[in-house]
Amino acid sequence: MSHGWADQLMNDHETTEKVFAAVALALDAPAGPPPGLLQDALAYFEGYVGACHHLKEEHHLFPLVERRGVPKHGGPLAVMLGEHDESRLVLPRLSALIHRYTRGEREVLDELRATFAHYSTLLKDHFWKENDILFPLARRVLTEADGDAVMAGIEATESAIGPDTRATFYALAERVINAGGVEDLSFGVERDVLAAILNTLPVELSFVDKDDCVRYFSHENGHKIFPRTRGAIGMAVQNCHPEKSVHIVNRILADFKAGRRAVAEFWIEMGDTMAHIRYFAVKNPAGEYLGTLEVVQDIAPIRALTGQRRILSEA
Ligand SMILES: [Fe+2]
Ligand SMILES: [Fe+2]
């Protein structure tokens, strides 16, 4: 069944939450937030969140959910609509404060921080409710044709605003996110904690950028199925593979760049190890190719599992 609409709307939520994180960081900066970042963020909140995202739900998703038996009053739909309305009441206040701050009235900063906290907390909580409660409910009650109708409605709402609306606003969001210091806000952890998390994953990761250059690998100091040294960073990926397989690597990369496929998968028996190797095309929210992620895992212990061990049997 087609639930592309949920992916689209949840992408909007995720992008918006990253903008919130970037603005929150900027508002806490000792030198005060750069006015340009606040103006870009405001343009995104007004032009996309308020005037596009909420409308896609109000005009196309909620009415169909209601038609499939979920009452508009007294249930989750009423809560969602109420929160959209509240966010629309807060936004003009936020807008006025941002305009005053960019005109040089630095004394409004405390009120600006409090108003932004109100707006962003309200919507973060709202997105969570939609992602975890309303959308799963909608997935259950909507038919396949309903899902297609919501998708068509999303596209119609976006094109009524202008061509490439989503890509344009996602690019604006990206500008805010980058200006706010993106490396520290992906998951609310510092860069070294993020590195430790990646090194704790039971899979080995390598990343080559859009120009086929190796930029990252995990587990530098631990055991690896395919050992790598720091010298690989900066090398062309073609130089890291045996010559007889380079043409296959090149074909996969060309397919990823052209969007012909997004995953390539191999598995190799190496003694007791069953190396499962997957390549994933990595794209930004606008769908642009950023590079390729290699994920390597020894799946022999997983393949050997039988029966079950449930968490309750551990008690
Ligand atoms: Fe919503
Ligand atoms: Fe939403």
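No lab work stands behind these numbers, since they all come straight from the coordinates. Predicted model, so just to flag it, every value in this text is computed and none were measured. Don't worry about glycine lacking a Cβ; one is built from the backbone with ideal geometry, like all the others, and counts go over all protein chains shown.
When you restrict to C-alpha pairs under 8 Å that are six or more residues apart and normalise by the size of the chain, the relative contact order lands at 18 percent. Counted residue by residue at 0.36 nm each, then reduced by the alpha carbon distance between them, the extension gain from ARG309 to ILE133 reaches 60.4 nm. Projecting label points 7 angstrom from Cα along Cα→Cβ for ILE233 and GLU58 puts them 4.9 nm apart. Using Cα atoms only, what is the angle between the long axis of helix 191-200 and the major principal axis of the chain, expressed in degrees (0 to 90) to the nearest 10? Computed tilt is about 50 degrees. Rg ratio for the chain: its Cα radius of gyration over 2.2 N^0.38 Å, N being its residue count, equals 1.19. Axis angle, to the nearest 10 degrees, between helix 165-179 and the longest C-alpha principal axis of the chain: 80 degrees.
Name the residues of region 128-146 whose amide N is less than 13 Å from a point 7 angstrom out from the Cα of ARG68 along the C-beta direction? Inside the label zone: 134-146. Cross-link pairs exceeding 30 Å between alpha carbons, from the set LYS18/LYS257; LYS224/LYS257; LYS124/LYS210; LYS56/LYS210; LYS124/LYS257; LYS129/LYS283: LYS124/LYS210; LYS56/LYS210; LYS124/LYS257.
Report the gain in length on full extension from VAL203 to PHE226: 0.36 nm times residue separation, minus Cα-Cα distance, nm rounded to one decimal.
Result for the pair: 7.1 nm of gain on full extension.
Here the sum of -39500 (n - 2.57) over DSSP H runs of 4 or more residues, divided by the residues of the chain, equals -16000 deg cm²/dmol at 222 nm, to the nearest 500. Relative to the current alpha-carbon distance between ALA258 and GLU17, full extension at 0.36 nm per residue lengthens the span by 83.8 nm. Using the Cβ-Cβ distance between MET270 and LYS210 with R0 set to 35 Å, the FRET efficiency from 1/(1 + (r/R0)^6) comes to roughly 0.70.
Taking every alpha-carbon pair under 8 Å whose residues sit at least 6 apart, region 274-315 reaches a relative contact order of 37 percent. Region 110-145 and region 8-63 have Cα centres lying 12 Å from one another.
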